[in-house]
1. Rounded to the nearest 10 degrees, what's the angle between the helix 76-99 long axis and the longest principal axis of the chain, both from Cα atoms, 0 to 90?
2. Relative to the first principal axis of the alpha-carbon coordinates of the chain, what is the inclination of helix 201-213, with its axis defined by its Cα atoms, in degrees from 0 to 90 and to the nearest 10?
3. Once the piece of chain linking residue 46 and residue 139 is laid out straight, how much longer is it, given 0.36 nm per residue of separation minus the C-alpha distance between them?
4. Over region 1-78, what is the relative contact order in percent, taking alpha-carbon pairs closer than 8 angstrom and at least six residues apart?
5. Label-point separation (nm) for residue 297 and residue 146, each offset 7 Å from Cα along Cα-to-Cβ?
6. As an exercise, take the mean of 1/r over every pair of distinct alpha carbons in region 8-155, invert it, and state the Kirkwood radius in angstroms.
7. Multiply the residue gap between residue 183 and residue 84 by 0.36 nm, knock off their C-alpha separation, and tell me the result in nm, one decimal place.
8. Considering every pair of different Cα atoms, what Kirkwood radius, in Å, is found for the chain?
Amino acid sequence: MRIAIAGSSGFLGSHLADRLTNGGHKVTRLVRREPRTAGEIRWDPAGGELNPAALSGMGAVVNLAGASAAGHRWTERYKAKFRASRVDATSTLAHAIAALPPAARPSLLMNASAVGWYGDTGDQPVTEEAPAGEGFLPDLCRAWEAATRPAEEAGVRVVRLRTGLPLHASGGMLKPLLLPFRLFVGGKLSTGRQYMPWISLADWLGAVEFLMSREDIAGPVNLAGPVPVTNAELTSTLARLLHRPALFTVPRLALRIVLGDFGDEAVRSQRVLPGVLERQGFSFAHRDIDAALRAALR
């Protein structure tokens with residue numbers, strides 16, 4: 001299959017591009033700079049510029065584009081950039097797909113979203129049927145997912161990937177946690193009672209391929225492991241596997257000072273379950289946090 005990927009240079013996008021290429025698919029990367037190879041297409045998501053003809057004949061488009069959540073203090077200015085990078089990219093792709101003649105359109109748009117849709121759910125388990133919560137991330141996810149509508153209204157199957165926290169030593173949430181633990185200063189965030197919707201990188205990649213192959217699945221899909229754990233459970237498991245203590249606590253105020261508004265998001269509780277994947281028979285390689293972290297650390 002010919003597959004276009006936006007956001008192919010990011011943590012998830014680079015792994016997905018490699019996986020699909022190794023699986024025999026022809027991957028085309030959407031890039032903001034001048035193309036360097038025949039497998040790249042230039043676009044300007046912020047300016048809404050993408051020649052629809054560039055997507056003609058693609059079997060699928062995967063959109064993972066967006067500014068990084070980590071490594072930045074969430075000021076009002078950065079939050080605006082963070083939101084625009086996702087909504088503008090999605091809108092640009094959806095309108096380009098819809099502008100193509102029906103026979104030339106990709107049959108599938110897989111668009112990133114996030115478990116941030118649900119807001120703080122406390123101890124309450126939630127699946128894809130749950131409404132959006134309240135706050136910056138739920139509002140962003142509503143706009144992000146709504147931006148796919150031009151493609152959906154044009155008859156394209158749209159899958160919205162509500163991704164949790166992918167676990168792998170090379171990136172995502174886990175990478176910045178490893179150094180403190182290896183220096184014997186790791187520990188939980190705030191009370192540690194907040195649920196964290198993790199997923200192993202292998203299962204995230206497997207789920208994306210599974211969803212590509214299932215023409216009967218559309219709409220939101222939670223990409224999260226089947227057994228959510230609290231932050232305290234995750235950090236204690238990580239400490240055990242690294243043979244390190246987990247004695248420290250990072251106070252919420254410290255997170256707020258260092259991360260800005262993202263400090264509040266880091267301690268939201270989200271007990272998110274993969275309802276669609278479980279019902280549709282997806283087989284998780286790593287069903288619990290111990291297995292997922294062991295795989296991530298390998």
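What follows draws every value from the coordinates through simple rules; no lab data is involved. A quick note: this is a predicted structure, and the numbers were derived from the prediction, not measured. Neighbour counts are summed over all protein chains in view; Cβ atoms, including those assigned to glycine, are modelled from backbone coordinates with ideal geometry.
1. 30
2. Approximately 30 degrees, to the nearest ten.
3. Using 0.36 nm per residue and subtracting the Cα-Cα distance, I get 31.5 nm.
4. The normalised contact order for region 1-78 reaches 37 percent.
5. Distance between label points: 4.4 nm.
6. Evaluated on region 8-155, it is 16.5 Å.
7. The residue 183-residue 84 span can extend by a further 32.0 nm.
8. This gives a value of 19.7 Å.
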